[in-house]
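Only one structure is covered here, and it is reproduced in the block below.
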Amino acid sequence: MHLGLGWLVSAVGRHLPLLVGLPLVLGLLLGLEVWSPYFFGEDDNFHQFLPVILDSIHQVEAGDFPAMNPHQSMGMPVFAAGTYSISYPGIYLAYWLAILCGSQQYFMEVYAILHIVAGYVVTYGLLRRLKVEGVIAACTAASFVLGAYVIFMGRAWYYTYPTLVFLPLIAWATHDLVARPATLRRIIWWGVLCGVYFHAGNAQLWVYTMFFCGLMFLIKVVSSKVWMQKWIALALASLVALVIASPLLVAQYQLVANVDRDGSSFASMQDCFLNYLLWTSGGYAAYTGSFLFGTALLSIALRRWDAWCVLGIVAILSSLGKPGGIWFIMADSPVFEKFQHPFKFVLFATFFMLVRGAIYVDWTRVLRLSAVLNLILLVAFTWNRGADHASDMPYAPLSAASDQLLGSDRIYSFASSRLLGEKYAQSMTNNFALYYGKNSISSYSDGLTYELSEQIRQREHIQAHPREALQAYGCRWIIVHQSFEIVRANPQAHAFAWSAVQTQVPIFESLQPYLIERHREPHQVIYELPDAAALAFPQGVPVQPLPMEVNGSWMRVELEGLRPEQNKIIVNFLMRPGYAATQGAKTLPIEADQWGRMQVTLDDHEEDLVITYWPIHW
């Protein structure tokens, strides 16, 4: 008993700065939540990620695999997209804790706070491994996880938060792989970290993490006397990582390999570089607290170089976009060419420069107070800027009349692609339809799946022949949200949303003579488009619906009332690679019809038609 108590007292004493800093980190996060409820549920977290994540978790709870989202885009790939973290254990823990807190709509808040706190602890551990004094390590770790990029980009892109945990963990594991004996445990640990991290939601951040940790390994292994053993250890660890990542890696590659997506440059010297150091109210959120980042720059100017300096400089130059030079090269390189937004490198520049600043501050001793001042400045900045933001969560419930009217029929929405007007989520644009359990022909319009060839052809059909295409795709309901009218009435005031609305205006004008108003609310009007096709029907008879059951990995069509000559069935979902049609043990021919929908040739009318979707296909 005495020995156990002594161990506890010793552990608390060694890590007292960590424990003192923990209430500060939690206090700031909870304070932001009190001041601005649902603080982390903004932008993409609000209209793209949360609806899909919650629905996918519900499917897993029901014993189904969420390979696709049948409610949107006529079958939108979910698992293979990777950005919804379906195979990452962290989303299930956060969901369970959110339910304990009272509502699944707290998911983003719980997810963010869990990773920020874990990132604080892990970063502290890394700095202590680098022999940084406890108070400096705690202040630096808190500065990293409470940095402007983390707080303000993460509240829009939830997949930022796992990087707070895995970047320091993998950097730590890479450091140990080189600096210490390359044991089997260290090899497996490195591989497991990298493999699991790939499932955490953003391949771009994963690739960048691998790039920087690979560069760290290269810099450190040059001075190693057993460099060959280190390279072998890294190769084995990489093999472990690939095995763990491979299910999602293969599926994601097959989904997006042929997507035409160019990298973009949205960063400038003023927006990025100066914002690392200066407390500003505009530009990209990159503020780091000034002192530690400035100290790291000072150490570089004084030629106190080490691996952390090199990594920090590379990350800074990359975050500047094309003016920094490195992004200009990446934009024409394999894999990197598909990545957008160079300011995602801000997270890495912040991490490596803060680590370097902490090491230099600890070494000089006279500058130790700057770590504390850095944290104080950063907390003040985050609170000052964060308190001005308001989330649009929670999602407002549908009125009983709208819910009953829309039912399970497919919807086409006229609305701004960005939040405007009242009850924006009820427009069923972006991924909102999934949250409400409705069926929409569209989905979030800035993701990789939006650029798939079948999606492009579908939009081309709608642009060319609006009424015929929407009827063929089963769109019975047309929602006109007030955001559409707001942008259309004043394009100059809403230039950010006008380009998307502009493409919708001729479609709406073409449809108007055929629309029948069925329900009106202050924020939107619901119209009916007559003669919309069913979700499953015999070829040539689109108004003869066949009973159908759909979930995230398969569809079942009951072949009731078919005439003997009706041997071709149209299933009103877009034909994509990965679909297979069967009747019992028999595999059936499946192909796209003239509208891109699935067309299946039956073997008989005795057994139900089953269509399965698997994201990995050969």
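Annotation note: Cβ proximity below 7 Å between a residue of region 452-471 that is assigned by TED's automatic domain parsing to the domain that holds ILE507 and under 27 Å from GLN254 (Cβ atoms) and a residue that is among the hydroxyl-bearing types (Ser, Thr, Tyr) and part of a helix (DSSP H, G or I) (sequence gap 6+ or interchain) occurs for GLN455/THR449.
Which residue is farthest from ALA534 (Cα to Cα), if the candidates are limited to region 562-601 and must be part of a loop (DSSP other than H, G, I, E, B) and touching a Leu at 6+ places or on another chain (Cβ under 7 Å)? The selected residue is ASN567.
Residues that are more than 24 Å from PRO334 (Cα to Cα) and among the hydrophobic types (A, V, I, L, M, F, W, C) were ranked within region 182-210; the one that is surrounded by the most Cβ atoms within 10 Å (Cβ to Cβ) is TRP190. Would it be correct to say that ILE526 is in contact with a Leu (Cβ under 7 Å, 6 or more places away or on another chain), β-branched (Val, Ile, Thr) and within 28 Å of LEU452 (Cα to Cα)? In short, no. Among the residues of region 406-416, at least one is in a helix (DSSP H, G or I) and assigned by TED's automatic domain parsing to the domain that holds GLU485. Checking SER56, SER73 one by one, the residue that is among the hydroxyl-bearing types (Ser, Thr, Tyr), out of contact with any helix residue (DSSP H, G or I) (no Cβ under 7 Å at 6 or more places or on another chain) and in contact (Cβ under 8 Å) with a residue 40 or more places away in the chain is SER56 and no other.
Pairing residues of region 557-569 that are touching a residue at least 40 places away in the same chain (Cβ under 8 Å) with residues that are exposed (fewer than 15 other Cβ atoms within 10 Å of the Cβ), at Cβ distances under 6 Å and at least 6 apart in sequence or on separate chains, gives GLU558/PRO547. The condition of being within 25 Å of GLN254 (Cβ to Cβ) and either crowded, with 20+ Cβ neighbours inside 10 Å or of a type in the set (D, E, K, R) (or both) holds for only one of ALA592, ALA581, ALA536, that being ALA581. All of PRO615, PRO530 fail the test of being outside any strand (DSSP E or B) and either within 27 Å of ILE516 (Cα to Cα) or among the charged types (D, E, K, R) (or both), apart from PRO530. For region 450-459, the condition of being in contact with a Phe, Trp or Tyr (Cβ under 8 Å, 6 or more places away or on another chain), under 21 Å from GLU517 (Cβ atoms) and crowded, with 18+ Cβ neighbours inside 10 Å holds for none of the residues. The set of residues in region 28-63 that are aromatic (Phe, Trp, Tyr) and farther than 19 Å from ALA200 by Cα comprises TRP35, TYR38, PHE39.
Just one of the listed residues (VAL355, VAL361, VAL366) is modelled with pLDDT under 90, in the same structural domain as LEU298 (by TED's automatic domain parsing) and surrounded by 24 or more Cβ atoms within 10 Å (Cβ to Cβ), and it is VAL361.
The values are calculated or read from the model by the stated rules, or taken from the named source; none is laboratory data. Because the structure is predicted, anything quoted here is derived from the model rather than measured. Counting neighbours? That spans all protein chains shown, and the Cβs are built from the backbone with ideal geometry, glycine included.
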